[in-house]
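Here's the structure we're looking at; comments come further down.
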Amino acid sequence: MKRRNSLQQQRSSRWRIKVLLMVLLLVLCFLLMLNHYRYTQTFKFNMPEAPALAVVNKPKIAFLFIARNRLPLDFMWDEFFRGEKEGKFSIFVHSRPGFLLNEVTTRSAYFYGRQVNNSIQVEWGESSMIEAERVLLKNALMDPLNERFLFLSDSCIPLYNFSYIYHYIMSTSTSFIDSFADTKEGRYNPRMYPTIPGYNWRKGSQWVVLTRKHAEVMVNDDTVLPEFQSHCRRKSLPEFWRDHPLPVDGSKEHNCIPDEHYVQTLIAQKGLEGEITRRTLTHTLWDLSSSKDRERRGWHPVTYKLSDATPMLIKSIKSIDNVYYETEYRREWCRSQGRPSTCFLFARKFTRAAVIRLLNMSALVVN
């Protein structure tokens, strides 16, 4: 009996030792895990955070199209914008009120929904054109990345690809505004005085490129525009006799085309002419005397048709390197980044047929 009890006691003692060892092992594992957890947490909190990837927002050019309805050259602009992959542009289109740019009205997805929804009815030769430009600018200024604001007609074409045009425009901090003193009698209305004195009266092209500062000056203007709306009107045109009878003495009529004077005069009024490059980047041909085509003589610039569309035409426009201003006896030599350069990045007025031919002949490379 004693031996049996001794064996039971030995077995019980061994079992207790085993349990004790298991408990000690579990405690040791727990302590190791706790220590590892503290170490990893300490390491985690002491680790410097990885720097966030910087999002580079590129400054953009806002392309501001003034159109009647559709954009007849949308196929060409589609190819032009397709060459830009970094989002350096935005598009705004002013068309007649209620017109929508969608799959039915344009073949280019770049223009889907890009019409401004607060457009107005524009009449040629009236201040409504200025108001349309201001509508475009107000919409474009909502995007803080838009730093240049480029006005284009629905008949404009680019003479170079997007990359070249972007760097040309962004290489200078000035606006491109064709501006010269207008000394011809009958355009300046003395009734504008003293709000707009005669020495600030300027003329030029409406196809300007504005910096953000000058775009804000234009949309915030509440002094020059009212004078234009009241006293700057085009002369009655012969072709409108039936609708607008000529005055008894037509010589006393002022012939003021608002969009050819407004931006230029506004900049002069604000004392900002030192901040502009005094030329336009859009070529327009005015040939009122020598043209044999009666359709090409009148109040509007030459329209380039299918028969005009040749490589020589594009080459001749791109080779122009200076502009002469007769009223100021001033010749403007065109420069970019301090070097002589071509004067024009765009040209107008081109028909759809002419552009198709130029693209097919590879005379116009926009991508």
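Against the definition (outside any loop (DSSP other than H, G, I, E, B), of a type in the set (Asp, Glu) and over 23 Å from Phe344 (Cβ atoms)), how does Glu131 come out, yes or no?
Here the answer is yes, as Glu131 does meet what is asked.
Under 11 Å from Ile157 (Cβ atoms), outside any loop (DSSP other than H, G, I, E, B) and not charged (D, E, K, R): is that true of Leu364 in this structure? If you could, list the steps in order and put the result at the bottom.
On the way: under 11 Å from Ile157 (Cβ atoms): yes; outside any loop (DSSP other than H, G, I, E, B): no; not charged (D, E, K, R): yes.
It is false that Leu364 is under 11 Å from Ile157 (Cβ atoms), outside any loop (DSSP other than H, G, I, E, B) and not charged (D, E, K, R).
On the given criteria, is Ile169 in contact (Cβ under 8 Å) with a residue 40 or more places away in the chain and touching a Pro at 6+ places or on another chain (Cβ under 8 Å)? Can you show your working first?
Working: in contact (Cβ under 8 Å) with a residue 40 or more places away in the chain: yes; touching a Pro at 6+ places or on another chain (Cβ under 8 Å): no.
The answer is no for Ile169.
With the requirement that a residue be on the phi < 0 side of the Ramachandran plot and surrounded by fewer than 16 Cβ atoms within 10 Å (Cβ to Cβ), what does segment 337-361 give you?
Once the filter is applied, which keeps residues that are on the phi < 0 side of the Ramachandran plot and surrounded by fewer than 16 Cβ atoms within 10 Å (Cβ to Cβ), segment 337-361 yields Arg339, Pro340, Ser341, Arg352, Ala353, Asn360, Met361.
Only one of these conditions is not met by Ser236: (1) modelled with pLDDT of 85 or more; (2) in contact with a Pro (Cβ under 7 Å, 6 or more places away or on another chain); (3) not charged (D, E, K, R). Which number is it?
It is condition (1) that Ser236 fails.
Could you list, in sequence order, all residues of segment 170-187 that are modelled with pLDDT of 95 or more and buried (at least 18 other Cβ atoms within 10 Å of the Cβ)?
Ser175, Phe176, Ile177
Examine segment 330-353 for a residue that is over 25 Å from the mean Cα position of the chain (by Cα) and modelled with pLDDT of 95 or more, and state whether such a residue exists.
Yes, segment 330-353 contains at least one residue that is over 25 Å from the mean Cα position of the chain (by Cα) and modelled with pLDDT of 95 or more.
Which pairs do you get when a residue that is in a loop (DSSP other than H, G, I, E, B), found in segment 98-121, comes within reach of a residue that is modelled with pLDDT of 95 or more and among the β-branched types (Val, Ile, Thr), reach meaning Cβ atoms under 6 angstrom, with the pair 6+ apart or on two chains?
So the pair list comes out as Arg114/Ile91; Arg114/Val93; Val116/Val135; Asn118/Val135.
Residues of segment 104-145 being modelled with pLDDT under 95 and among the charged types (D, E, K, R), which ones?
Arg107, Glu123, Glu126
Looking at Gly271 and the list (1) at pLDDT 80 or above; (2) of a type in the set (Gly, Ala, Ser); (3) closer than 24 Å to Glu123 by Cα; (4) part of a loop (DSSP other than H, G, I, E, B), which single condition is not satisfied?
Gly271 satisfies all of (1) at pLDDT 80 or above; (2) of a type in the set (Gly, Ala, Ser); (3) closer than 24 Å to Glu123 by Cα; (4) part of a loop (DSSP other than H, G, I, E, B) except (3).
Can you list residue pairs whose Cβ atoms sit under 6 Å apart, with the first residue in segment 318-332 being of a type in the set (Lys, Arg) and the second being surrounded by 13 or more Cβ atoms within 10 Å (Cβ to Cβ)? Count only pairs 6 or more apart in sequence or on different chains.
Every condition considered, the pairs that remain are Lys318/Leu159; Lys318/Thr342.
If you take the residues in segment 138-167 that are surrounded by 18 or more Cβ atoms within 10 Å (Cβ to Cβ) and of a type in the set (Phe, Trp, Tyr), which one is farthest from the chain's Cα centre (by Cα)?
For segment 138-167, the residue satisfying everything is Tyr160.
Could you check, for segment 89-97, whether at least one of its residues is in contact (Cβ under 8 Å) with a residue 60 or more places away in the chain and at negative phi? Give the steps one after another, and end with the answer.
First, the residues of segment 89-97 that are in contact (Cβ under 8 Å) with a residue 60 or more places away in the chain: 89.
Next cut, at negative phi only: 89.
Yes; the residues of segment 89-97 include at least one that is in contact (Cβ under 8 Å) with a residue 60 or more places away in the chain and at negative phi.
Could you figure out which of (1) aliphatic (A, V, I, L, M); (2) surrounded by fewer than 13 Cβ atoms within 10 Å (Cβ to Cβ); (3) at pLDDT 90 or above isn't true of Leu288?
It fails just one condition, (3).
Scan (1) modelled with pLDDT of 95 or more; (2) assigned to a loop (DSSP other than H, G, I, E, B) for the single condition Ala215 breaks and write down its number.
With (1) modelled with pLDDT of 95 or more; (2) assigned to a loop (DSSP other than H, G, I, E, B) applied to Ala215, the lone miss is (2).
Hey, any hits in segment 22-44 for a residue that's modelled with pLDDT of 65 or more and either hydroxyl-bearing (Ser, Thr, Tyr) or in contact with a Phe, Trp or Tyr (Cβ under 8 Å, 6 or more places away or on another chain) (or both)?
No.
Of all residues in segment 162-212, which are more than 26 Å from Gly338 (Cβ to Cβ), out of contact with any helix residue (DSSP H, G or I) (no Cβ under 7 Å at 6 or more places or on another chain), assigned to a loop (DSSP other than H, G, I, E, B) and of a type in the set (Phe, Trp, Tyr)?
Passing the criteria: only Tyr193.
The values are calculated or read from the model by the stated rules, or taken from the named source; none is laboratory data. As the structure is a computational prediction, the values presented were derived from the model and not from experiment. Don't worry about glycine lacking a Cβ; one is built from the backbone with ideal geometry, like all the others, and counts go over all protein chains shown.
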